[in-house]
Number of protein chains: 2
Amino acid sequence: MSDIAGKPGETGADALCDTLLANDVDVCFANPGTSEMHFVAALDRKQQMRCVLGLFEGVVTGAADGYARMAEKPAATLLHTGPGMANALANMHNARRAFSPMVNVVGDHASYHLPMDAALTSDIDSLARPMSQYVRRIAGADDVSPATAEAVTHAMRAPGGVSTLILPADAAWGTAPQTAPVKAQLRNPTAADPARVAEAVKLLKSGGKTVLLLTGRALRADALETANAVAAATGATILAQQANARMERGAGIVPINRVPYPIDQAIAALADVDNLILVGAKSPVTFFAYPGKPSTPLPEGCNVTTLADPGDDLPGALQALAEALNAKPAPIPAAPAIPDLASGPLTPETIAITVGHRLPENAIICDESVTSGRDFFRFTWGAAKHDWLQLTGGAIGVGLPLSVGAAIACPDRKVVNLQADGSAMYTNQALWTMAREQLDICVVIFSNQRYAILHGELKGVGAGEAGKNARRMLDFDEPALNWVQMANAMGVEAARAETAEGFTDLFEKATKTKGPFLIEAMI
Amino acid sequence: MSDIAGKPGETGADALCDTLLANDVDVCFANPGTSEMHFVAALDRKQQMRCVLGLFEGVVTGAADGYARMAEKPAATLLHTGPGMANALANMHNARRAFSPMVNVVGDHASYHLPMDAALTSDIDSLARPMSQYVRRIAGADDVSPATAEAVTHAMRAPGGVSTLILPADAAWGTAPQTAPVKAQLRNPTAADPARVAEAVKLLKSGGKTVLLLTGRALRADALETANAVAAATGATILAQQANARMERGAGIVPINRVPYPIDQAIAALADVDNLILVGAKSPVTFFAYPGKPSTPLPEGCNVTTLADPGDDLPGALQALAEALNAKPAPIPAAPAIPDLASGPLTPETIAITVGHRLPENAIICDESVTSGRDFFRFTWGAAKHDWLQLTGGAIGVGLPLSVGAAIACPDRKVVNLQADGSAMYTNQALWTMAREQLDICVVIFSNQRYAILHGELKGVGAGEAGKNARRMLDFDEPALNWVQMANAMGVEAARAETAEGFTDLFEKATKTKGPFLIEAMI
């Protein structure tokens, strides 16, 4: 201990904090353990670092994902050894699919203690790789600053990625060199490739039906206006990927549809497409395989070409395309009108209508509504301007944590979490962090007390209707969950809505006041 | 779809069920998704398979661990793709450290769909290996039965292990051969090695202070009597590992101490040991490394020898040792008296005393009490006969699920879960399964609203006392969790105890009635 006592500010843990701060990473979502205690101690010396506790690691990485989508820079996470990171992997998977920048710090045993195979020892490197774009085990206290800077470099490399640092305890408590923190090497996204622009122009002028498939920063208001100009000039259609990390929507923004999730609807939506031009997007594949059905909803013979890869400058590529076509700004298509506010039975549709009418200006919608939310899009094109964040990797349990992160990134904006109940259970601990940090979030739980999606999937894969035993695996109505009690248990105010007008009242109340509020929507 | 419709009982999923059942695996803890729908459908045709739903995957594998420790055979688990298994890994880690037999079935995309890299695709094989003793990707419907049998073979190979099968959806829905299910190759544990017995005899007669370090089946009542005879004949001490999957304790059973968790206590407990004889146990190492302290609590020069490996016949090895020493059955040392029931302030100590006095005969204690439970041992040696199950891998969040599994394995025994609040949060979803299955479990939540262990560890690693920022990472008292509301939210009856006598009243009530009940102990 003698080499660290009395020398605050000189340990590897301090170097980690300093390097993160020097690279503009000043939020850390954490669920620490013994191997991370020096980092925790360093927090008392680094008041600039905002550290947010999650009571489960899935909350930590899901929050870092939501933060990154809105802040456009990474948060750090602090995780405890292999099992702690294991708990964080599902939301690292979602973040990886969202191309969210993230810097995970996973504490491990002191390097000399690893061969003892103590109880918590596991192969962290192998566990980290499948869900990380970049993994590095820190070699010692003098490696902390270079390794951290490189992790930020990789996280920030367009389109963004998940970096995971493994920090042995002796690197955290060892004496670090007293040099300036290493800076990450940031670079701009790659500019549009003229040959690809020319190829896209050729297809757009070919006369066939052409779809521009957008994702990433192509789904921001300005880029959508450029895409709209291209569409108006050429007769092409613009469409978003099925799942997107973030898109700007609402009044005054070009309305855009998504590729549907259900395979038959996706096939129908793309049935007559001759040319598909990818703008940061992935060529569509079905979410699952279904017996006797294809793995892609694209029609045979559809011509797929890439205007821009995910890491390219997507708005710039659209701009280059518009210029090559001499496409002029076009009027923004009118958003479909929102039906009148409903009364009577509460349904996903009436909830969507209320949200469409009553969404506060500049809100952030974190959408893990799964089946209940499939109709939401068509009722909210005309809502107040907002950002829409989706489940990108299919690993359920992201919605509540994503809201935590978005709310911390944007404290002046209301976050609305549209949340399926089954998925909410996975990371219900996020409610506590909402209360602890008094985050401005309205959680809407769609309480249908079942994995509704699986009833459909059971049929979809040809396995028929659920019998008694199967139903016990798909429904959780016995006993019913009580989300008001669940929220209250973690310090979040909550109320139940049983009618459309009751929901509207609660939604108005929740959006007009600051702080966390949960509405249990009994659909 | 045409190759499966109308042919129930012939898919790979049916073969999986049939093979599990033919090998006496008749409980399945599950959290399924689309890729597992054929297995779910098969459940309607296989009424012998008891399928238990968990609303989070950590519940599923933690329950399978508890089941295996008590049933001495594996349960199956059903998990959905890489992220679903990722959520299950922490409790797979604990099960691996407990040598609990377990057969995980992880559904994956259809094999031909994997190259499409759909959203949920991940490298399941790499994720599974660190936490599994055996991993196999099923090659097709005709491989399901042989693969499943081999997974059971490996799970049941002494001392027991975690097997993970990856089941592509097309192997589940494809047509399986109509042959008898393949049987696992079971074999008995290895008998004691006479050379090792002779070496142990030599040490025991050498005159130095000798400790027999026991774990596994050496901690059952009969084996403990044998060890007691050896100790009486030789002056040796018997001691259990720090963490053990299961031990028999209480009135009429040889009382045995454990190696303490805190490093200084462990060093003190072993300070004068000349010879250490391992009976299925691992040579002691410290749980974490601490600056300036050794990685093992054993004194320098301590002679460590192995009587039996974890997979050996441990009671048989002790028996062979007793015979070689001509050791006769010795009186069972008297258990220390339990202090009188307390009144007044509720503390971990008064809770231990109540449990010592009021534990029902033949109860199962699932202990994840962490810091609050360190004094429990000394107050419960004289309690009614019981089994004591510990956190074996250090991955917190096992206690509630472990109780679920133990209760399903032993429906006629009362399960008492001694549960730290911070750890309980990780897998709080287990409460719902307790309610759904009406399991006979008394959960005692030690509500100290902090990761108490980490306050000690912060000092232990030389990082000092927690300041304001650090404390926000270690305490979760703002807001306080309300475990009564949490339990009620998931359908479990609950009450709060604020005094020693209040706790005793509630514990008596909970142990005298059947079904789940949670006591929030405000310590």
Accessible area in the full protein assembly, largest first, 1.4 Å probe, for A:LYS209, B:LYS512: B:LYS512, A:LYS209
Fraction of the pair-distance distribution of segment B:300-395 above 18 Å, Cα-Cα pairs, percent: 64 percent
J(HN,Hα) series, segment B:229-243, from Karplus relation 6.51 cos²θ - 1.76 cosθ + 1.60, nearest Hz, glycine and proline x: 5, 4, 4, 5, 6, 10, x, 6, 10, 9, 8, 9, 3, 4, 10
Alpha-carbon gyration tensor eigenvalues x 5, square-rooted, for segment B:304-352, Å: 39, 17, 8
Segment A:ASP412-A:ALA221, extension gain: residue separation times 0.36 nm, minus the distance between their alpha carbons: 66.8 nm
Buried on assembly, segment A:159-208 (at least 40 Å² less accessible surface than by itself, 1.4 Å probe): A:TRP173
Cα long-axis angle, helix A:12-22 against chain A (0 to 90 degrees, to the nearest 10): 40 degrees
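Loop only by DSSP, 13 or fewer other Cβ within 10 Å of the Cβ. Give me the trypsin sites (Lys or Arg not before Pro) in segment A:337-416 that pass, ordered by residue number.
Here no trypsin sites (Lys or Arg not before Pro) fit, given the DSSP loop and packing criteria.
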A:MET247 accessible area, 1.4 Å probe, all protein chains in place, Å² to nearest 10: 0 Å²
B:TRP173 accessible area, 1.4 Å probe, all protein chains in place, Å² to nearest 10: 20 Å²
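Just check segment A:99-240 against the gyration tensor rule for me: Cα atoms, a ≥ b ≥ c as the square roots of the eigenvalues, rounded for a/c under 1.5, and otherwise prolate or oblate depending on whether a/b exceeds b/c.
Numbers: a/c = 4.29, a/b = 2.74, b/c = 1.57.
Prolate, since a/c reaches 1.5 and a/b exceeds b/c.
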Centre separation in Å (Cα based) which lies between segment B:211-259 and segment B:26-75: 33 Å
Euclidean distance of C-alpha centroids, segment A:448-506 and segment A:264-338, integer Å: 34 Å
At 7 Å out from Cα toward Cβ: B:ALA233 inter-copy label distances (nm, ascending): 9.5
Rounded tilt (10° steps) of B:399-409 against the dominant C-alpha axis of chain B: 70 degrees
Dipole of the protein assembly as shown, positive end: most advanced residue of A:ALA268, B:THR350, A:GLY207 [Cβ charges, Cα centre]: A:GLY207
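In whole percent, how big is the carbon plus sulfur part of the accessible area of the protein assembly as shown, probe 1.4 Å, protein atoms only? Walk me through the intermediate numbers first.
Numbers: 16710 of 33440 Å².
Roughly 50 percent of what the probe reaches on the protein assembly as shown is carbon or sulfur.
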Cβ nearest the rotation axis (B onto A), residue from chain B and distance to the nearest whole Å: B:GLN485, 2
Distance in nm between pseudo-label sites at B:ALA268 and A:ASP272 (7 Å out along the Cβ direction from Cα): 8.4 nm
Three-way shape call for segment A:348-405 based on the alpha-carbon gyration tensor, with the a/c threshold at 1.5: oblate
Dipole moment magnitude, nearest 20 debye, chain B about Cα centre, only Lys, Arg, Asp, Glu C-beta charged: 840 debye
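Give me the extension gain from B:ASP375 to B:LYS468: residue separation times 0.36 nm, minus the current Cα-Cα distance, reported in nm with one decimal. Before the final figure, lay out the partial values.
Values: separation 93, 0.36 × 93 = 33.48 nm, distance 2.95 nm.
Once the chain is fully extended between B:ASP375 and B:LYS468, it gains 30.5 nm.
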Rounded accessible area per residue of segment A:259-334, 1.4 Å, Å²: 42 Å²
Set of aspartates and glutamates with alpha-carbon distance to A:LYS512 below 17 Å, sequence-local pairs under 8 removed: A:GLU361, A:ASP412, A:ASP440, A:GLU493, A:GLU501
Within segment B:372-394, backbone nitrogen closer than 19 Å to the virtual label 7 Å beyond the Cα of B:LYS459 toward Cβ: B:372-375
Within the protein assembly as shown: Cβ-based charge dipole about Cα centre, in debye rounded to nearest 20 (Lys, Arg +1; Asp, Glu -1): 220 debye
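State, in square angstrom and to the nearest 100, the accessible area buried between chains A and B, both chains counted, probe radius 1.4 Å. Show your work: numbers first, answer last.
On the way: alone 20960 and 20980 Å², together 33440 Å².
That pair of chains buries around 8500 Å² in total.
Using a Förster distance of 22 Å, how high is the FRET efficiency between A:GLN438 and B:ALA480, based on the Cβ-Cβ distance and rounded to 0.05? Each step should come with its number before you reach the end.
Working: r = 15 Å, r/R0 = 0.69.
The pair A:GLN438/B:ALA480 has a calculated efficiency of 0.90.
Hey, could you get me the Stokes-Einstein D for segment B:404-446, Kirkwood radius over alpha-carbon pairs, 10 °C and 1.306 mPa s, rounded to whole µm² s⁻¹? All intermediate terms of the calculation are to be shown ahead of the outcome.
On the way: Rh = 10.7 Å.
Value of D from the Cα-based Kirkwood radius: 149 µm²/s.
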Calculated from backbone phi, Karplus (6.51, -1.76, 1.60) coupling profile of segment A:281-288 in Hz, x at Gly/Pro: 8, 9, 4, x, 10, 6, 5, 10
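Which shape class, rounded, prolate or oblate, goes with segment B:220-359 when its Cα gyration tensor gives a ≥ b ≥ c as root eigenvalues, a/c under 1.5 marks rounded, and past that a/b bigger than b/c marks prolate?
On the way: a/c = 2.11, a/b = 1.16, b/c = 1.81.
Judged from the Cα gyration tensor, segment B:220-359 comes out oblate (a/c at least 1.5, b/c at or above a/b).
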Among beta bridges that DSSP assigns inside segment A:348-521, antiparallel share in %, nearest 5: 5 percent
Per-q log10 I(q)/I(0), segment B:88-176, q = 0.10, 0.21 Å⁻¹ (Debye; single scatterer per alpha-carbon; no solvent): -0.25, -0.96
Principal-axis tilt of helix A:81-98 within chain A, Cα atoms, nearest 10 degrees: 30 degrees
Once exposed loop GluC sites (Glu not before Pro) are cut out (DSSP; at most 14 other Cβ, 10 Å), longest piece of chain A: A:73-299
All-pairs Cα distance distribution in the protein assembly as shown, expressed in whole percent, bin size 20 Å: 13, 43, 34, 8, 1
Percent of beta bridges antiparallel (DSSP, chain A, rounded to nearest 5): 10 percent
25 °C / 0.890 mPa s Stokes-Einstein diffusion coefficient of segment A:348-521, Kirkwood radius on C-alpha pairs, µm²/s: 151 µm²/s
Point-to-point label distance, B:LEU341-A:ASP193, nm (Cα→Cβ direction, 7 Å offset): 7.9 nm
Computed over chain A, the ratio Rg/Rh where both radii use C-alpha atoms and Rh is Kirkwood: 0.99
Links that overshoot a 32 Å alpha carbon limit, given the list A:LYS293/A:LYS468; B:LYS459/B:LYS509; A:LYS509/B:LYS514; B:LYS205/B:LYS282: B:LYS459/B:LYS509; A:LYS509/B:LYS514
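The values are calculated or read from the model by the stated rules, or taken from the named source; none is laboratory data. In this text the structure is predicted, and so the values were computed from the model without any measurement. All Cβ positions, even for glycine, are placed from backbone atoms using ideal geometry, and neighbour counts span all protein chains on display. The protein model used for the area step is the full one, side chains on, heavy atoms only, and it has no ligands, DNA or RNA in it. Shrake-Rupley method; radii C 1.70, N 1.55, O 1.52, S 1.80 Å.
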